[in-house]
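One structure is given below, encoded as structure tokens.
The values are calculated or read from the model by the stated rules, or taken from the named source; none is laboratory data. Just so it is clear, the structure is predicted and the values come from calculations on it, not from any experiment. Cβ coordinates were reconstructed from backbone atoms using ideal geometry, including for glycine residues, and neighbour counts include every protein chain displayed. The area values use the complete protein model at the heavy-atom level, side chains included, leaving out ligands, DNA and RNA. Shrake-Rupley method; radii C 1.70, N 1.55, O 1.52, S 1.80 Å.
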Amino acid sequence: MIIAIDGPAASGKGTLAKKLATHFNLACLDTGRLYRALGSTILKDRKDPKDLKVAVNAVKKVDLKSIQDIELYTEKVAEYASIVASFPEVRKELLGFQREFANYPPKGKLGAVLDGRDIGSVVCPGADYKFFVTASQEVRALRRYKQLQENGLKGTYASVLADIEQRDERDRTRKVSPLKVVDALVVDTSDKTPNEVFTDALSYINTK
Ligand code: C5P
């Protein structure tokens, strides 16, 4: 079983992915972490994320299996991630890892759920179930702002909102793998609790 979840920043796709993974005993991959790992490496090296050579070198350097670092969650890292994510060369390098994760999940797991921007459109176009999870920009900025505070990271609500607006624009308008709805159930989480979103997703899966 493969489940693809796409959507903009802080829409709740990661929360839904984890709940579905637990419910169906699936392996779970937050693909944003792969791009963030590149962004974080480039930031630490004080290099320019707009430089293709720098971005491609970062893909070779990063250990895709160890992407748990809390520092991946700063908005600066997210900005760098979204800049390198516009390079087709970078996306191509990450494709194999993501597809392998989806098709050959760890032993004991019955499949995989991946969340990101291009899972249903590019990484797993043949996924059994596809969701596009979204919410208003204000709701998403507030969620991300609270998350930063909980993790003791810096940022004001206004700066988080501005970062999210800029990142949405970049992710939606880039030439390669833009964020878009492809054969997916659209779920607006603005006024829903994580459990309500999960219930909606389950009933879609059960009736499909
Ligand atoms: O999901 P998250 O906000 O952590 O992703 C960080 C950035 O990585 C996104 O803004 C996007 O530019 C990029 N990304 C992507 N494709 C994915 C996952 C993330 O382009 N599948």
Just to be sure I understand, how many residues within region 155-181 are more than 13 Å from the ligand (Cβ to nearest atom), touching a helix residue (DSSP H, G or I) at 6+ places or on another chain (Cβ under 6 Å) and either outside any helix (DSSP H, G or I) or of a type in the set (S, T, N, Q) (or both)?
1
Restricted to region 11-38 and to residues being open to solvent by 10 Å² or more (accessible area, probe 1.4 Å) and under 14 Å from residue 193 (Cα atoms), the residue farthest from the ligand (Cβ to nearest atom) is 19
Residue hits (region 68-115; in contact with an Asp or Glu (Cβ under 9 Å, 6 or more places away or on another chain) and either without any contact (Cβ under 8 Å) to a residue 24 or more places away in the chain or of a type in the set (D, E, K, R) (or both)) are 75, 76, 79, 91, 115
Sole residue being under 18 Å from the mean Cα position of the chain (by Cα), open to solvent by 40 Å² or more (accessible area, probe 1.4 Å) and not aromatic (Phe, Trp, Tyr), chosen from 128, 171, 163:
163
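Quick check on region 131-146: of everything there that is among the aromatic types (Phe, Trp, Tyr) and under 16 Å from the mean Cα position of the chain (by Cα), which residue is least open to solvent (accessible area, probe 1.4 Å)? Before you say what the answer is, go through the steps one by one.
Keep residues of region 131-146 that are among the aromatic types (Phe, Trp, Tyr), which gives 131-132, 145.
Keeping just the survivors that are under 16 Å from the mean Cα position of the chain (by Cα) gives 131-132.
Details: 131: 2, 132: 18 Å².
Taking the candidates together, the pick is 131.
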Regarding residue 149, is this residue open to solvent by 20 Å² or more (accessible area, probe 1.4 Å) and not acidic (Asp, Glu)?
yes
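Within region 100-110, can one find any residue that is under 27 Å from residue 22 (Cα atoms), open to solvent by 20 Å² or more (accessible area, probe 1.4 Å) and small (Gly, Ala, Ser)?
Within region 100-110, the subset under 27 Å from residue 22 (Cα atoms) is 100-110.
When the remaining residues are screened for being open to solvent by 20 Å² or more (accessible area, probe 1.4 Å), the result is 100-101, 103-110.
From what's left, small (Gly, Ala, Ser): 108.
Looking for residues that are under 27 Å from residue 22 (Cα atoms), open to solvent by 20 Å² or more (accessible area, probe 1.4 Å) and small (Gly, Ala, Ser), one finds at least one in region 100-110, hence yes.
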Return only the number of the condition from (1) over 28 Å from residue 2 (Cα atoms); (2) more than 10 Å from the ligand (Cβ to nearest atom); (3) crowded, with 21+ Cβ neighbours inside 10 Å; (4) modelled with pLDDT under 95 that residue 71 does not satisfy.
(3)
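In the list 84, 59, 113, 90, which residue meets the criterion of being among the β-branched types (Val, Ile, Thr), buried (at least 19 other Cβ atoms within 10 Å of the Cβ) and within 28 Å of residue 192 (Cα to Cα)?
On the way: 84 fails: within 28 Å of residue 192 (Cα to Cα); 59 fails: within 28 Å of residue 192 (Cα to Cα); 90 fails: within 28 Å of residue 192 (Cα to Cα).
Going through 84, 59, 113, 90 in turn, just one is among the β-branched types (Val, Ile, Thr), buried (at least 19 other Cβ atoms within 10 Å of the Cβ) and within 28 Å of residue 192 (Cα to Cα): 113.
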